[in-house]
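All remarks here apply to the structure that follows.
Values in this text are rule-based calculations from the coordinates and carry no lab data. If you're wondering where the values come from, they're calculated on a predicted model, not measured in any experiment. As a convention, Cβ positions derive from the backbone with ideal geometry for all residues, glycine included, and neighbour counts pool all protein chains shown.
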Amino acid sequence: MMKGYYYDCYIFFFLFLISLNFIFCSCSSSNPNINNNDDESSYSIAVISDMHIGESPKQTTLAEECVTKINSLIEKNNIKFVIITGDLSNSALPKQFLEAKSILDELKVPYLPILGNHDVWTYNSTLQTEEREPTGDQLFASIFAENFNSFPFGDLVYKNVPVWNPFLNITCHFQNWELYYQNTLFYGLDWSSREHAVTALGYQGSMPGTRNKNFEGGTFNWLEERLNYTHNHQTTYDSNQIILLQHHPFHMPFDFIPPGFIYSFGAVQKYSLSPY
């Protein structure tokens, strides 16, 4: 995944603070004056992306600095929680996830992680070993289970269940979640490919791109079902805004050539969803 990409939620006021491959922001739900903490409907969230713990000691230092910076902004910007939009690890090794969690646990507010392509397939580039199948999603779910099971704000929907992937003939655990908080629906979406990277070119782990997962239990179907459910239960979900958070962008400048169809959905995948 290209480092440093961010998703523009145009309804909100954003404050971007960029440090190499880390991006975090705060956004007000209803009031552009993010310093007004007297209004409970006005709050902020922070977003971190591409920690890549395990790539180098520098990544650990950057992550720690990022957490420290967010903690220093919590009171001023009324930050309620933090979302990490993927690639917490560099190669989905247990020790990398555990180190990432240890760093993120220093946050003074709750946080929710999202799976990225580097979190999908466990491998060791030094020893040149890797798992036979992409089981990083199960490891991710196990290590961050407490975050999903005890998130203190709003109503969180998270189902970590096995799903048969008919295209790859493997079992996947898609890490999708929905958070309803203060009349806003947040979606953390797992579009990461479970396909293996190009071995002939010396790559390990999963492909860096996306798949729309348009099959039973897949991300597209899950999102469609949740949106229909919330629409049909508006007395419960009185939401006037929806935020989609994910590791990969929906769109890049060129859909038919790299990096468009590699790092994003690409025209072919978009056309496959055209009936919807």
- [ ] May I ask which of Lys69/Lys108; Lys58/Lys108; Lys95/Lys159 have a Cα-Cα span longer than 21 Å here?
- [x] Lys58/Lys108; Lys95/Lys159
Task: Using θ = phi - 60° and Karplus 6.51 cos²θ - 1.76 cosθ + 1.60, couplings along the stretch 151-167 (whole Hz; Gly, Pro as x) - done: 5, x, 10, x, 10, 9, 10, 8, 10, 8, 10, x, 10, 7, 8, x, 7
Task: Most positive-pole-ward Cα, Phe220, Thr135, Ser193, against dipole of the stretch 120-227 from beta carbon charges - done: Ser193
- [ ] Filter the trypsin sites (Lys or Arg not before Pro) in the stretch 91-169 down to the DSSP loop ones having no more than 14 other Cβ atoms within 10 Å, then list what survives.
- [x] Lys108, Arg132, Lys159
Open item on the list: Please list, ordered by chain and number, the residues whose modelled amide H lies under 5 Å from the amide H of Asn124; skip anything fewer than 5 residues away on the same chain.
Closed with: Thr129, Glu130
Task: Tyr111 long-range amide H proximity, modeled H, under 5 Å - done: Val82
Task: aspartates and glutamates with Cα under 15 Å of Lys80, excluding same-chain neighbours fewer than 8 positions away - done: Asp38, Asp39, Glu40, Asp105, Glu106, Asp155
TODO: Show me 235-243, 77-85 ranked by packing, highest mean number of other Cβ atoms within 10 Å first.
DONE: 77-85, 235-243
Open item on the list: Among Tyr123, Asn71, Asn90, which residue has its Cα furthest toward the positive end of the charge dipole of the stretch 56-160, with +1 on Lys/Arg Cβ and -1 on Asp/Glu Cβ?
Closed with: Asn71
Task: Cα centre as origin, Lys/Arg/Asp/Glu Cβ charges: the stretch 64-204 dipole, Debye - done: 180 debye
